[in-house]
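The values are calculated or read from the model by the stated rules, or taken from the named source; none is laboratory data. Quick caveat: nothing in here was measured; it's all calculated off a predicted structure. Cβ placement follows ideal geometry from the backbone for every residue including glycine, while neighbour counts extend to all protein chains displayed.
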Amino acid sequence: MLENPTPSPQRSQLDCQIRLMREADLAAYKQLRDGMLAGHPEAFTSDARTELLRDAESYRGRLSGGNGGANLFTLTAWLDGQLVGAISCEHEARVKVRHVAHIVGMMVSDGLHGRGVGRQLLQRALMLLEGEPVLELVTLSVTSSNLAAVRLYESCGFIRYGRLMGAIKLPDGRLVDKDLMSRRLR
């Protein structure tokens, strides 16, 4: 007689501390980013080899108001004193497009995917963006084959408005498509 298989345990959702990145976090941010770029080259437009040469201080522009005001903020996710995720939001000062923000650099440590870290980061980012009266629209791009990320963005109200075919060319010559997504803030 066959026994019922043991159901796989459901991965519990994590409750991270989400906060704005501080100057003291730059080294941890670089370490997380370097790991993500090396482990997931298809997910980022930056390449690991080039970024590895940067020092932690070079990410100072990712702090709130950094890079001449183009970076609105970078949120970080902390679990047991370790940086496990981050998301940045940028915008331009040009009058005709200053109502548009851009989400860039979303990353969650390997082993924590599917545990709610990305959702917590994204929801907090959207809450901050909705609090900015000048902002009306937020955009992002996501690797088309990263279905979990696409589903996360869709569940938070993003819609795909296009696909950039061959957006990333990997070192082995493979081309990776990016979905272009947007969400109204008001």
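Among the residues of the stretch 82-125, how many are β-branched (Val, Ile, Thr), without any contact (Cβ under 8 Å) to a residue 24 or more places away in the chain and within 23 Å of residue 178 (Cβ to Cβ)? Before you say what the answer is, go through the steps one by one.
Going through the stretch 82-125, the residues β-branched (Val, Ile, Thr) turn out to be 84, 87, 95, 97, 100, 103-104, 108, 117.
So of that shortlist, the ones also without any contact (Cβ under 8 Å) to a residue 24 or more places away in the chain come out as 95, 97.
Then drop every residue that is not within 23 Å of residue 178 (Cβ to Cβ), which leaves 97.
Of the residues in the stretch 82-125, 1 are β-branched (Val, Ile, Thr), without any contact (Cβ under 8 Å) to a residue 24 or more places away in the chain and within 23 Å of residue 178 (Cβ to Cβ).
Do the conditions hold for residue 13, that is, is it assigned to a helix (DSSP H, G or I) and more than 14 Å from the chain's Cα centre (by Cα)? Outline the logic, then answer.
On the way: assigned to a helix (DSSP H, G or I): no; more than 14 Å from the chain's Cα centre (by Cα): yes.
So residue 13 fails the test.
Which residues, counting only those in the stretch 56-110, are under 16 Å from residue 31 (Cα atoms), modelled with pLDDT of 95 or more and among the hydrophobic types (A, V, I, L, M, F, W, C)?
Correct list: 75, 77, 78, 79, 83, 84, 86, 87, 106, 107, 108.
Can you confirm whether the stretch 124-135 contains a residue that is under 30 Å from residue 174 (Cα atoms), touching a strand residue (DSSP E or B) at 6+ places or on another chain (Cβ under 9 Å), modelled with pLDDT of 95 or more and not in a loop (DSSP other than H, G, I, E, B)?
The answer is no; no qualifying residue exists.
Kindly indicate whether residue 170 is farther than 18 Å from residue 21 by Cβ, modelled with pLDDT under 95, hydrophobic (A, V, I, L, M, F, W, C) and out of contact with any Cys (no Cβ under 8 Å at 6 or more places or on another chain). I'd like the intermediate steps shown before the answer.
Working: farther than 18 Å from residue 21 by Cβ: yes; modelled with pLDDT under 95: yes; hydrophobic (A, V, I, L, M, F, W, C): yes; out of contact with any Cys (no Cβ under 8 Å at 6 or more places or on another chain): yes.
So residue 170 passes the test.
Between a residue in the stretch 161-175 that is among the hydroxyl-bearing types (Ser, Thr, Tyr) and any residue that is part of a loop (DSSP other than H, G, I, E, B) and at pLDDT 95 or above, which pairs come within a Cβ distance under 7 Å, given they are 6 or more apart or on different chains?
none
Under 20 Å from residue 39 (Cβ atoms) and in a helix (DSSP H, G or I) - does that describe any residue in the stretch 83-104?
First, the residues of the stretch 83-104 that are under 20 Å from residue 39 (Cβ atoms): 83-88, 104.
Subset that is in a helix (DSSP H, G or I): none.
No, every residue in the stretch 83-104 fails to be under 20 Å from residue 39 (Cβ atoms) and in a helix (DSSP H, G or I).
Could you go through the stretch 80-91 and let me know if any residue there is more than 19 Å from residue 19 (Cα to Cα) and surrounded by fewer than 18 Cβ atoms within 10 Å (Cβ to Cβ).
Of all residues in the stretch 80-91, those more than 19 Å from residue 19 (Cα to Cα) come to 91.
Narrowing further to those that are surrounded by fewer than 18 Cβ atoms within 10 Å (Cβ to Cβ): none.
No.
Could you list all residues from the stretch 159-185 that are basic (Lys, Arg) and either over 19 Å from residue 107 (Cα atoms) or assigned to a loop (DSSP other than H, G, I, E, B) (or both)?
As a first pass, look at the stretch 159-185 and keep what is basic (Lys, Arg): 160, 163, 169, 174, 178, 183-184.
If the condition is that a residue be basic (Lys, Arg) and either over 19 Å from residue 107 (Cα atoms) or assigned to a loop (DSSP other than H, G, I, E, B) (or both), then 160, 163, 169, 174, 183, 184 are the ones that fit.
Name every residue in the stretch 43-60 that is assigned to a helix (DSSP H, G or I) and either of a type in the set (Val, Ile, Thr) or loosely packed, with under 15 Cβ neighbours inside 10 Å (or both), in order of residue number.
49, 50, 52, 57, 58, 60
Please give the number of the condition residue 135 fails out of (1) buried (at least 18 other Cβ atoms within 10 Å of the Cβ); (2) aliphatic (A, V, I, L, M); (3) farther than 20 Å from residue 48 by Cβ; (4) within 18 Å of the chain's Cα centre (by Cα).
(4)
Checking the conditions here, which among 28, 48 is touching a strand residue (DSSP E or B) at 6+ places or on another chain (Cβ under 6 Å) and either closer than 27 Å to residue 177 by Cβ or modelled with pLDDT of 80 or more (or both)?
Numbers: 48 fails: touching a strand residue (DSSP E or B) at 6+ places or on another chain (Cβ under 6 Å).
Among 28, 48, only 28 is touching a strand residue (DSSP E or B) at 6+ places or on another chain (Cβ under 6 Å) and either closer than 27 Å to residue 177 by Cβ or modelled with pLDDT of 80 or more (or both).
If I filter the stretch 149-158 for residues that are β-branched (Val, Ile, Thr), farther than 20 Å from residue 20 by Cβ and in a strand (DSSP E or B), do I get at least one hit? Walk me through it before giving the result.
Let us first name the residues in the stretch 149-158 that are β-branched (Val, Ile, Thr), namely 150.
Okay, now just the ones that are also farther than 20 Å from residue 20 by Cβ, so 150.
Narrowing the set further to residues that are in a strand (DSSP E or B) leaves none.
Looking through the stretch 149-158, none of the residues is β-branched (Val, Ile, Thr), farther than 20 Å from residue 20 by Cβ and in a strand (DSSP E or B).
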